[in-house]
1. For the structure I just gave you, tell me whether ALA144 is of a type in the set (Gly, Ala, Ser), in contact with a helix residue (DSSP H, G or I) (Cβ under 8 Å, 6 or more places away or on another chain) and at pLDDT below 95.
2. Go through the range 293-307 and count every residue that is assigned to a loop (DSSP other than H, G, I, E, B), touching a residue at least 40 places away in the same chain (Cβ under 8 Å) and among the aliphatic types (A, V, I, L, M).
3. Surrounded by 18 or more Cβ atoms within 10 Å (Cβ to Cβ), out of contact with any Ser or Thr (no Cβ under 7 Å at 6 or more places or on another chain) and in a helix (DSSP H, G or I) - does that describe any residue in the range 127-148?
4. Go through the range 297-343 residue by residue and tally those that are hydrophobic (A, V, I, L, M, F, W, C) and in contact with a Gly (Cβ under 8 Å, 6 or more places away or on another chain).
5. The conditions are (1) in contact with a Gly (Cβ under 7 Å, 6 or more places away or on another chain); (2) in a loop (DSSP other than H, G, I, E, B); (3) surrounded by fewer than 20 Cβ atoms within 10 Å (Cβ to Cβ), and TRP219 fails exactly one of them. Which is it?
6. Go through (1) under 21 Å from GLY280 (Cβ atoms); (2) surrounded by fewer than 17 Cβ atoms within 10 Å (Cβ to Cβ); (3) touching a strand residue (DSSP E or B) at 6+ places or on another chain (Cβ under 9 Å) one by one and return the number of the condition ALA188 breaks.
7. Among the residues in the range 149-162, are any part of a loop (DSSP other than H, G, I, E, B), crowded, with 17+ Cβ neighbours inside 10 Å, in contact with a helix residue (DSSP H, G or I) (Cβ under 9 Å, 6 or more places away or on another chain) and not charged (D, E, K, R)?
8. Name the one entry in ALA188, ALA183 that is more than 21 Å from LEU208 (Cβ to Cβ), assigned by TED's automatic domain parsing to the domain that holds CYS264 and touching a residue at least 60 places away in the same chain (Cβ under 8 Å).
Amino acid sequence: MDETYLKSLSSITAATLTALAATEHTLRHLHPPLLPALRDRLTPHVDRLETVLAEYRATAAPQELRAFHERFGEGATLALRAIGLLHESPPAAEAIARVLAGMRAFCRAQESLYALHFFPPLGRWFVEPPLHEQADGLDPEPPAGVRVGVMHTDGEGADARGGFSLYVPERYDGAQAWPLVVALHGGAGSGRDFLWTWVREARSRRFLLMAPTARGSTWSLMGPDVDGPALRSMIQYVSSQWRVDPRRVLLTGLSDGATYTLRCGLQPDSPFTALAPVSGVLPPAALVGTVAGQRVYLVHGAQDWMFPIATARAARDALAAAGADLTFREIDDLSHTYPREENARILTWFDPSLTPA
């Protein structure tokens with residue numbers, strides 16, 4: 001490979017992965033009082049990626065690497081957009097919209113770069129640390145007729161409400177039934193974006209991952225439940241195409257997705273065998289469902305500004321009194337955002353056999 005191009009590729013790889021890691025750290029620790037300090041920490045990463053990306057775009061790729069070069073540039077551009085949006089100090093009225101846009105760009109950067117996960121430095125981003133040195137062995141040739149990878153019911157076009165995204169790890173061969181994790185986005189989110197909150201673990205631990213998108217702007221938290229029947233239909237479809245273990249179906253979600261996890265998952269006809277709501281509230285209607293004996297892993301942040309921790313403690317007490325098999329995790333430094341590090345604990349609780357391997 002041309003030495004100039006190799007140097008450019010090395011630089012853009014390092015800058016992009018560092019920016020992604022800094023973005024993930026920022027999103028995990030988002031809390032209004034901390035925003036100025038978090039933005040300051042992003043400055044060198046923004047500056048570095050801007051410089052390196054400009055150099056990368058100006059470097060000619062070898063003929064056989066042009067498609068790779070363009071795709072990497074697309075992913076790096078999205079990574080720069082994500083970290084740039086979080087780094088900006090917008091007017092107060094625009095702050096939440098900018099953060100949400102940054103979160104979306106972060107997810108889309110990963111979606112774009114996942115197509116290049118065969119490139120070892122990128123491949124390691126999409127697996128848990130214990131498998132970093134084995135990442136290149138996670139892509140065996142699938143048996144004939146077995147579909148693997150990331151799929152969307154709306155294809156590659158604009159997000160559609162009521163659809164879902166699915167990740168079938170490349171190691172899936174249909175020889176045995178796998179667990180299914182169904183992950184629900186927060187208000188105004190989409191399954192296509194929220195999928196990336198769990199891909200690293202699915203790829204490392206061998207489970208199918210489905211991330212639906214609510215039929216409306218958010219889940220059916222009040223009034224008629226229009227999302228429950230849709231979720232059941234999605235699970236039936238996935239189970240008809242891939243082997244799903246019906247004894248191991250986890251429903252989890254963030255914020256509105258967590259609240260709906262409890263509303264939907266505690267219904268008598270629920271197909272879910274365990275629930276892991278993160279930073280949501282307990283709908284009163286959920287307590288009239290099938291609570292006794294249901295496994296629930298309830299996660300909430302002590303710094304949550306949207307749903308104060310008192311609401312989670314009340315939910316804990318109500319679920320315990322109703323007979324739920326309850327685990328409660330109160331995280332001291334968590335605000336109203338997703339604690340990515342909690343995925344490993346949730347999975348160990350859900351099924352101890354799901355270890356990185």
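The values are calculated or read from the model by the stated rules, or taken from the named source; none is laboratory data. Note that the coordinates shown come from a computational prediction; the quantities given were computed from them, not determined experimentally. All Cβ positions, glycine included, derive from the backbone under ideal geometry; neighbour counts span all protein chains shown.
1. no
2. 1
3. yes
4. First, the residues of the range 297-343 that are hydrophobic (A, V, I, L, M, F, W, C): 298-299, 302, 305-307, 309-310, 312, 314-315, 318-322, 324, 326, 328, 331, 334.
Subsequent filtering for residues that are in contact with a Gly (Cβ under 8 Å, 6 or more places away or on another chain) retains 307, 309, 324, 331, 334.
Counting residues in the range 297-343 that are hydrophobic (A, V, I, L, M, F, W, C) and in contact with a Gly (Cβ under 8 Å, 6 or more places away or on another chain) gives 5.
5. (3)
6. It is condition (3) that ALA188 fails.
7. no
8. Residue meeting the stated conditions: ALA188.
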